[in-house]
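What follows is calculated from the coordinates using simple rules that are stated; it is not laboratory data. Everything quoted here is computed from the prediction, not taken from an experiment. Cβ atoms come from the backbone with ideal geometry, glycine included; neighbour counts cover every protein chain shown.
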Amino acid sequence: MPSHQPTAGMMAVDPLKLSSQPPATASPQEPNRNPKYDPKKSHITETPLTRKNWYKHVNWLNAILIVGIPISGCIAALWTPLRWQTLVFAIAYYFATGFGITGGYHRLWAHSSYSASTPLKIFLAAVGGGAVEGSIRWWARDHRAHHRYTDTDKDPYSVRKGLLYSHFGWMIMKQNPKRIGRTDISDLNDDWVVVWQHKHYLKVVLFMGLIFPSIVCGLAWDDWLGGFIYGGILRIFFVQQATFCVNSLAHWLGDQPFDDRNSPRDHVITALVTLGEGYHNFHHEFPSDYRNAIEWHQYDPTKWTIWLCKQVGLAYDLKQFRSNEIEKGRLQQMQKKLDQKRGKLDWGVPLEQLPVMEWDDYVDQAQNGRALVAVAGVVHDVTDFVADHPGGKAMIRSGIGKDATAMFNGGVYNHSNAAHNLLSTMRVGVIRGGMEVEIWKRAHNENKDTMVVKDKDGNRIVRAGAQVTKVFDPPASAGAA
Ligand SMILES: [Zn+2]
Ligand SMILES: [Zn+2]
């Protein structure tokens, strides 16, 4: 029954390739290509979707599995009484099969974020199969492409194509296998549990997805049909929808504390829905970390379960990024946000762009009605500010046409950081070296401890108290005022 169409669908598994090619010699770059697939023939996805051909674009097998069967299950449930034992079992089995996807398919096989003992692997391959989301091999291959080519056309479930597309549209509509980015799955081809599950996928799905829940509820409390409908069909539906949210909701809702260049986001709601896979911005930055949530109070039952498995000897080698690396990423993102904020503020004309004035010219202009004040070699036009000067008009006027460096920096009043910031917005020129101001310019330039820090756009970052007009301990000889 697996589709032999070259579609990237959850049932588009390819057992033939595995049997014809020993896993050890499988080329790492070899995609999961179907032998019946002819790359020369144009694929249906290359034909625009029209009223006449739309049904050819639909992957009917997947549409039935993801939409058709759940709907029929809902209808059947109307005539099937729900026993409480069956409900409890269905919920427990929901978590087990969900963990098969999050802890098994995703964190163990797609990302190798920890190692599992053989019994745990078999358990995860079985319950993961019961979630009916394709074989481990197929799922992990696509997921690695999703990480490698996030948000691009090679991403099998790029959210850039729409929220519904990333949720399940990519499975319901046929995909061109040539489009999906290539990934290395040689390690999975070497894992006999993965290979076995891939080869016998259909049996695994039927047994773990439908037969097993029916048997449990049938033998234990004689509810065969309830087990089938609630423990099987409807439970599959909920697990599928929940885990599909990792591809849709987790790329759409929430914050981006580590990197905002791509779509992955962190949100507690996604975490609650997906058994802890909701800290997806972190996950895309640190994919081989066995955790998705790094804070103790964040909801990540998948992480907790892996940790418990380690305590009882079923899992080992749990990978964790050093918090130093994590904090670096977080800080850089914060820095980026700060830079964006800083870029929106007026810091005054950069010094290198200001016209150069001769000292005499400065004095001349100041004496002829322009309220110019030189502080640390920088000329400021305070005409519009004289009336608003908190220290009074007379005080500010006394600095006009003079070198007011010392006055401004403690000679008369040691101006605040905010005052230096405000002053910088009034800059109109710099004094050519010479006369009094040169002393300050040189003192400032020669201050080797003052590092000029620029943001990524090359704009100077002016820290509090590090404005060019701020001069500590100005020599008395320049107190020209
Ligand atoms: Zn993702
Ligand atoms: Zn992932």
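Computed from the C-beta positions of Val58 and Trp196 and an R0 of 30 Å, the FRET efficiency is 0.45 to the nearest 0.05. Remark: segment 411-427, residue by residue, has Karplus-estimated 3J(HN,Hα) of x, 10, 8, 7, 5, 6, 4, 4, 5, 5, 4, 5, 4, 5, 6, 9, 4 Hz, where x stands for each Gly or Pro and the curve is 6.51 cos²θ - 1.76 cosθ + 1.60 at θ = phi - 60°. The charge dipole of the chain, taken about its Cα centre with unit charges on the Cβ atoms of Lys, Arg (+1), Asp and Glu (-1) only, comes to about 1680 debye. Expressed as an acute angle from 0 to 90° and rounded to the nearest 10, what is the orientation of the C-alpha long axis of helix 136-148 relative to the principal long axis of the chain? Roughly 10 degrees between the two axes. With helices as the sole contributors, the chain gives -10500 deg cm²/dmol at 222 nm; each DSSP H run of n ≥ 4 counts as -39500 (n - 2.57), and the sum is divided by every residue. The aspartates and glutamates within cross-link reach of Lys161, meaning a Cα-to-Cα straight distance under 13 Å and a gap of 8 or more places when in the same chain, are Asp151, Asp153.
Listing Ser115, Ser166 from fewest to most neighbouring C-beta atoms within 10 Å gives Ser115, Ser166.
Here the translational diffusion coefficient of segment 15-244 follows from Stokes-Einstein with Rh set to the Kirkwood radius across Cα pairs; for 25 °C and 0.890 mPa s it amounts to 131 µm²/s. Taking GluC sites (Glu not before Pro) as exposed when their DSSP state is a loop state and no more than 13 other Cβ atoms lie within 10 Å, the longest site-free interval of the chain runs over 1-294.
Ranking Thr305, His267, Asn281 by how far each Cα lies toward the positive end of the dipole of segment 245-366 (charges on Cβ) leaves Thr305 at the top.
What percent do you get for the relative contact order of the chain when only Cα pairs under 8 Å and 6+ apart count?
Working: 781 pairs, mean separation 65.0, N = 481.
Once divided by the residue count of the chain, the mean separation gives 14 percent.
With neighbours defined as other Cβ atoms within 10 Å of a residue's Cβ, the residues Ile326, Ile236 order from fewest to most as Ile326, Ile236.
Rounded to the nearest 0.05, what FRET efficiency do Ile294 and Ala387 give with R0 = 60 Å and r taken as the Cβ-Cβ distance? Could you check? Mind showing how you got there, number by number?
On the way: r = 55 Å, r/R0 = 0.91.
Plugging the Cβ-Cβ distance into 1/(1 + (r/R0)^6) gives 0.65.
A simple packing score, the average count of other Cβ atoms within 10 Å per residue, orders the peptides 173-179, 208-214, 125-131 as 125-131, 208-214, 173-179, with the highest score first. An ellipsoid equivalent to the chain, defined through the eigenvalues of its Cα gyration tensor, has semi-axes of 68, 24, 21 Å when rounded to whole angstrom and sorted largest first. Ordering Gln340, Phe408, Gly100 by Cα displacement along the dipole of the chain toward the positive end leaves Gly100 in first place; charges were set at the Cβ atoms of Lys, Arg (+1) and Asp, Glu (-1). Neighbours of Ile461 by Cβ distance under 9 Å: Lys/Arg scored +1, Asp/Glu scored -1, total +2. When only C-alpha pairs under 8 Å and at least 6 residues apart count, what is the relative contact order of segment 253-365, in percent? That works out to 20 percent.
In this structure, the amide hydrogen of Val428, modeled 1.01 Å from its nitrogen in the peptide plane, lies closer than 5 angstrom to those of Val379, His380, Asp381, counting only residues at least 5 positions away or on a different chain. To the nearest ten degrees, helix 435-445 and the longest principal axis of the Cα atoms of the chain are 20 degrees apart. Computed from the C-beta positions of Lys319 and Asp455, the FRET efficiency with R₀ = 51 Å rounds to 0.90. When only the Cβ of Lys, Arg, Asp and Glu is charged (+1, +1, -1, -1), the dipole of segment 15-244 relative to its Cα centre reaches about 840 debye. In a simple Cβ point-charge model (Lys, Arg +1; Asp, Glu -1; nothing else charged), segment 267-320 has a dipole of about 140 debye relative to its Cα centre.
From most to least packed by mean Cβ count within 10 Å, the peptides 75-84, 360-369, 237-246 give 237-246, 360-369, 75-84.
Net charge of the neighbourhood of Asp153, taken over other residues with C-beta under 15 Å away and scored Lys/Arg +1, Asp/Glu -1, is +3. Specify the angular offset, from 0 to 90 degrees and rounded to the nearest 10, of the alpha carbon long axis of helix 301-311 from the longest principal axis of the alpha carbons in the chain. Value to nearest ten degrees: 70.
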